[in-house]
Amino acid sequence: QVQLVESGGGLVQPGGSLRLSCAASRNIFTSNVMGWYRQAPGKERELVATVTSSRNTNYADSVKGRFTVSRDKAKNTVYLQMNSLKPEDTAVYYCNLRYDIYNYWGQGTQVTVSS
């Protein structure tokens, strides 16, 4: 079992920045993917960005050029740097870890972009 603990959400004005962090409770030595998804009220959960254990990244079109996903293997942590935030980025952001047959989710952190 792996626990994912997120931090870094909050309220920010349009055009501002936030950095989300997600720490896994233990290291995963096999090939894996960590990343971020989000869910806005009344909408389905959607992909934001992922990074593999070999550091290949994937982004939703809506965040390309504004968000950057990265990971620190030594700290078992994945980050999401969010710049130029827009009101439509408002959502609960969930950390995700996938490897082998396993799929883990964090508890979610609220990001609100509003003036």
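The values are calculated or read from the model by the stated rules, or taken from the named source; none is laboratory data. Keep in mind the model is a prediction, meaning the values are calculated, not measured. Quick reminder, even Gly has a Cβ in these numbers, built from the backbone with ideal geometry, and neighbours come from all protein chains shown. For accessibility, only protein heavy atoms count, side chains too; no ligands or nucleic acids. Shrake-Rupley method; radii C 1.70, N 1.55, O 1.52, S 1.80 Å.
Structural remarks
- Filter result for Ser7 (under 12 Å from Val111 (Cα atoms) and within 14 Å of the chain's Cα centre (by Cα)): yes
- Filter result for Ser53 (among the small types (Gly, Ala, Ser), under 14 Å from Ile28 (Cβ atoms) and in contact with a helix residue (DSSP H, G or I) (Cβ under 9 Å, 6 or more places away or on another chain)): yes
- The set of residues from the stretch 1-57 being touching a Gly at 6+ places or on another chain (Cβ under 7 Å), over 17 Å from Thr68 (Cβ atoms) and open to solvent by 20 Å² or more (accessible area, probe 1.4 Å) comprises just one member, Val5.
- Residue within the stretch 58-71 that is open to solvent by 30 Å² or more (accessible area, probe 1.4 Å), closer than 17 Å to Tyr102 by Cα and either modelled with pLDDT of 95 or more or in contact with a Leu (Cβ under 8 Å, 6 or more places away or on another chain) (or both) present: no
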